[in-house]
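First the structure, in the form of C-alpha cells, and then the observations on it.
Every number here is computed from the coordinates shown, using simple stated rules; none is lab data. Everything numeric in this text was worked out from a predicted model, so none of it was measured. Note that we place each Cβ from the backbone using ideal geometry, even for glycine, and neighbour counts take in every protein chain shown.
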Amino acid sequence: MADEILTERDGHVGVIRLNRPKQLNALNLALMEQLACALEAFDADDDIRVMVLAGNERAFAAGADIKDMADASVVDQYKRNQFARWERIKRVRKPIVAAVSGFALGGGCELMMHCDVIVASETARIGQPEINIGVMPGAGGTQRLTRAMGKATAMDVILTGRFLTAQEALAGGLVSRVVPVEHYFEEAMKIARVIAEKPPLAVQMAKESVLKAHEMSLSQGLEYERKLFYMLFATQDQKEGMQAFIEKRKPEFKGC
Ligand code: HXC
C-alpha cells in the first residue's frame, strides 16, 4: 500500500502529513485508514503528548476522493463503513493541532474540525462544497461548522458551496490563529511544543471537557468538568505543579 501519510516524531510531538499532493490530499479510504492507525498509535504512545496534522502549502485536503465514490451504490457505501475511521479519529484523547494551508474542503474541512487547535495560513480556503457535486457534508460538516460559526454562516457556506478565507474563518471562530503561509507549519509545531510541556493527563481531560460543550447542556457540562477537575487531584502532576509554584521552580510533569 502506498504511503498516503508520512509520520515523524519531534520530541513529545507526533507529526502526521497527508501525502497525496497530486490529488490535493483527497481523502481516499487507504489514507483515512492509515491516518486513523497513525493517530491511534501516537495516542497509545507514552512518549507522545500531542499531534500535529498537516497537508502541504497548496492543500490541507480537498475533500473525500470524488473518484473513489462517484460510482458507489448505497450498498457499496454501507459496506465501506468509512465513518468508522472518522469515529476512531474522534476518539483520540491527545490534542491534535491542525496546520492548514490552501484548500480545506468538504471532508478536508471536516477533518480540520476534528482537530483541537487549528492554525491556518493566510492562503487557507475553507469550505463545504459538496453541494456542487450533488451531495452534502457527511462527516460532521453541518453540525460542527454550525456549532463553530453559527447557523447564518453555516447555511451560507454549505448551501452556496463558497470558500471562506482564513480571515473569515478566524473572525467566525472556526480556526484558532492565522499566520503568513511561510510560518503556518512552524506555528503549529510551536503550539504543539507548548502543549507538550503541560501535564499530559490535565491536557487530555481538558480536551475531553471542552468537547463535551458541544454535546451536553450547560449544567451537565459543568458537572462533567467538575468531576474531571476533582480527578486530577489523584495525579502526581497536580502535586508537582502546585508544589513547583509554591517553591518558585519549573514543574516537571510526568504524565501520571
Ligand atoms: C479527487 C481531487 C479532489 C477530490 C482535487 N482532486 N480534489 N480528486 N477528489 N476531492 C484532483 C483533481 O481531479 C486533479 O487531478 C488534481 O487534484 C488537482 O485539482 P484541480 O481541480 O486541477 O486543481 P484546481 O483547478 O486548482 O482546483 C482546486 C479545487 C478543485 C478547487 C480544490 O480541485 C475542487 O473543486 N476539488 C473538489 C473539492 C470538493 O468538491 N470537495 C468535496 C468532496 S466531497 P488531475 O488528475 O485532474 O490532475 C466530500 C464529502 C465528504 O468531501 C464526506 C465524508 C467523508
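Structure data summary
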{"item": "Checking ALA38 against (1) within 16 Å of the ligand (Cβ to nearest atom); (2) of a type in the set (A, V, I, L, M); (3) touching a strand residue (DSSP E or B) at 6+ places or on another chain (Cβ under 6 Å), the condition it does not meet", "result": "(1)"}
{"item": "Residue in the stretch 169-184 that is touching a residue at least 12 places away in the same chain (Cβ under 8 Å), of a type in the set (Phe, Trp, Tyr), crowded, with 16+ Cβ neighbours inside 10 Å and not in a helix (DSSP H, G or I) present", "result": "no"}
{"item": "Filter pass, ALA148 being within 14 Å of the chain's Cα centre (by Cα), within 16 Å of the ligand (Cβ to nearest atom) and of a type in the set (Gly, Ala, Ser)", "result": "no"}
{"item": "Search result, residues across the stretch 43-56 that are in contact with a Ser or Thr (Cβ under 9 Å, 6 or more places away or on another chain) and either free of Cβ contacts under 8 Å to residues at least 60 places away in the same chain or within 13 Å of the ligand (Cβ to nearest atom) (or both)", "result": "GLY55, ASN56"}
{"item": "Residues satisfying the stated conditions in the stretch 96-140, i.e. hydrophobic (A, V, I, L, M, F, W, C), within 13 Å of the ligand (Cβ to nearest atom) and not in a loop (DSSP other than H, G, I, E, B)", "result": "PHE103, ALA104, LEU105, CYS109, LEU111, MET112, MET113, ILE126, ILE131, ILE133"}
{"item": "Sole residue being touching a residue at least 24 places away in the same chain (Cβ under 8 Å), assigned to a loop (DSSP other than H, G, I, E, B), under 30 Å from MET149 (Cα atoms) and among the charged types (D, E, K, R), chosen from LYS207, LYS198", "result": "LYS198"}
{"item": "In the stretch 210-220, the residues that are among the small types (Gly, Ala, Ser) and either in contact with an Asp or Glu (Cβ under 8 Å, 6 or more places away or on another chain) or in a loop (DSSP other than H, G, I, E, B) (or both)", "result": "ALA213, SER217"}
{"item": "Scope the stretch 71-85; condition assigned to a loop (DSSP other than H, G, I, E, B) and more than 9 Å from the ligand (Cβ to nearest atom); matching residues", "result": "ASP71, ALA72, SER73, ASN81"}
